[in-house]
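J.: I am attaching a structure below and will ask some questions about it afterwards.
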Amino acid sequence: MRKWQQTAELCAEQEQLLEAIAREDLHTAATRRERIGQSIDLAFLCSLSPVRQQNLLRYWLRSAGYNTPEQSHWRQIQQQLLLGREDAEANVTWGDLSLRVFRQRLYLLPAALPVLTLDMVEQGGVERSDDGAARLKVGLPDLHVRYRQGGERCKPAGRHHSQTLKKLLQEYALEPWLRDDLPLVYSGDTLVAVGDLWVCSGYTAEAGEQGLHLRWGG
């Protein structure tokens with residue numbers, strides 16, 4: 001009986017040690033809340049031994065309130081996401097969860113991505129919103145939302161030249177799985193804002209003027 005008790009105590013201590021290591025690793029991995037889901041530093045994760053990689057990922061998933069994957073999924077995660085070439089199309093799913101890689105971050109996402117909405121809230125007295133984003137002018141005619149068709153261009157406020165949205169989104173590093181659903185704000189046939197990322201030059205509200213604060217999210 002004493003031997004079983006000692007074994008149980010040893011197992012409990014080992015679990016506590018593994019959790020303490022995972023907690024510290026997750027802190028170092030710089031968990032970041034994203035527009036959808038959350039992400040951690042892929043380079044740091046890849047620098048760990050396979051045992052610590054699994055320990056960290058299990059702890060991360062449990063901390064976020066999700067189930068951990070089966071062993072077959074661990075092999076896919078290792079081969080496709082940790083050892084494979086970085087590819088935004090690589091996607092390991094189980095249940096209602098998904099792991100993807102982009103720009104040296106490992107993303108934890110719902111397998112079925114939610115539809116994000118663009119809110120436009122009138123706001124006055126300041127040049128920029130609390131999040132630092134420029135505000136869209138109030139009173140523009142025929143204001144409506146479209147989605148990308150290809151070839152659109154924008155000159156973000158403060159820039160000297162316009163660029164295609166494709167180049168701007170690559171520069172901004174918006175996750176590829178969000179780009180097709182990015183709402184574009186038009187006044188008539190003129191593009192005036194790109195989601196909550198940019199207000200196009202000539203359409204920003206000045207300090208002291210009423211303006212529209214744009215927020216794209218769930």
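J.: With +1 on each Lys and Arg Cβ and -1 on each Asp and Glu Cβ, and nothing else charged, work out how big the dipole of the chain is about its Cα centre, in Debye to the nearest 20.
T.: With only Lys, Arg, Asp and Glu charged at Cβ, the dipole is about 480 debye.
J.: E171 to S72: FRET efficiency via 1/(1 + (r/R0)^6), r the Cβ-Cβ distance, R0 45 Å, to the nearest 0.05?
T.: Here the calculated transfer efficiency is 0.75.
J.: Next question, about the same structure. Express the accessible area of the chain per residue in Å², computed with a 1.4 Å probe while the remaining protein chains stay in the model.
T.: Using a 1.4 Å probe on heavy atoms only, each residue of the chain averages 58 Å².
J.: Let me ask another. How do the peptides 138-144, 91-97 rank, highest first, by the average count of neighbouring beta carbon atoms within 10 Å per residue?
T.: 91-97, 138-144
J.: Continuing with the same structure: Mark the label point 7 Å from the Cα of K155 along Cα→Cβ and return the residues of the range 191-218 whose backbone N is within less than 17 Å of it.
T.: 191-194, 198-205
J.: Still on this structure, please answer the following. By the gyration tensor of its Cα atoms, with a ≥ b ≥ c the square roots of the eigenvalues, what is the shape of the range 12-81: rounded for a/c under 1.5, prolate for a/b over b/c, or oblate?
T.: Rounded, since a/c falls under 1.5.
J.: If you roll a 1.4 Å probe over the range 8-124 with all protein chains in place, what percent of the accessible area is carbon or sulfur?
T.: Details: 3290 of 6760 Å².
The C+S portion of the solvent-accessible surface of the range 8-124 is 49 percent.
J.: Something else: Using a probe of 1.4 angstrom, how much of the accessible area of the range 129-212 is carbon and sulfur, in percent?
T.: 44
J.: Quick one: which of 205-216, 21-32, 158-169 comes out on top by average Cβ neighbours within 10 Å, and what's the full order, highest first?
T.: Highest to lowest by the protection proxy: 205-216, 21-32, 158-169.
J.: Here are a few candidate values for Rg/Rh (Cα atoms, Kirkwood Rh): (i) 0.96; (ii) 1.12; (iii) 1.00. Which one was actually calculated from the structure I just gave you?
T.: Calculated Rg/Rh (Cα atoms, Kirkwood Rh): the matching label is (ii).
J.: What nm value, rounded to one decimal, do you get for the distance between R58 and E24 when each label is placed 7 Å out toward the C-beta?
T.: 1.8
The values are calculated or read from the model by the stated rules, or taken from the named source; none is laboratory data. Since we're looking at a predicted model, the values are computed, not measured. Cβ sites come from the backbone with ideal geometry, for glycine too, and all protein chains shown count toward neighbours. Heavy atoms of the whole protein, side chains included, go into the accessibility calculation; ligands, DNA and RNA do not. Shrake-Rupley method; radii C 1.70, N 1.55, O 1.52, S 1.80 Å.
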